[in-house]
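Single-structure report; data block below.
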Amino acid sequence: MSLLAAGLTDAAIARAQGWSERTTQRRIHRLMSQLGVNTRFQAGLTAAQRGWL
């Protein structure tokens, strides 16, 4: 979540985590669903508000 909030692309997050880009996209989508948001920006803001960051 911190890499997403830092503004990294899916490809950069995938490289940093050692995952495929598709796995990264799936995990981000799952996080966004859990947070109930529609954009990456909203995900970062909501995660920060919930103390996830």
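Note on the chain: with neighbouring protein chains present and a 1.4 Å probe, carbon and sulfur make up 50 percent of its accessible heavy-atom surface. Rg and Dmax of the chain, based on Cα coordinates, read 10.4, 29 Å.
The values are calculated or read from the model by the stated rules, or taken from the named source; none is laboratory data. Quick caveat: nothing in here was measured; it's all calculated off a predicted structure. When the accessible area is computed, the model is the full protein with side chains, heavy atoms only, and any ligands, DNA or RNA have been set aside. Shrake-Rupley method; radii C 1.70, N 1.55, O 1.52, S 1.80 Å.
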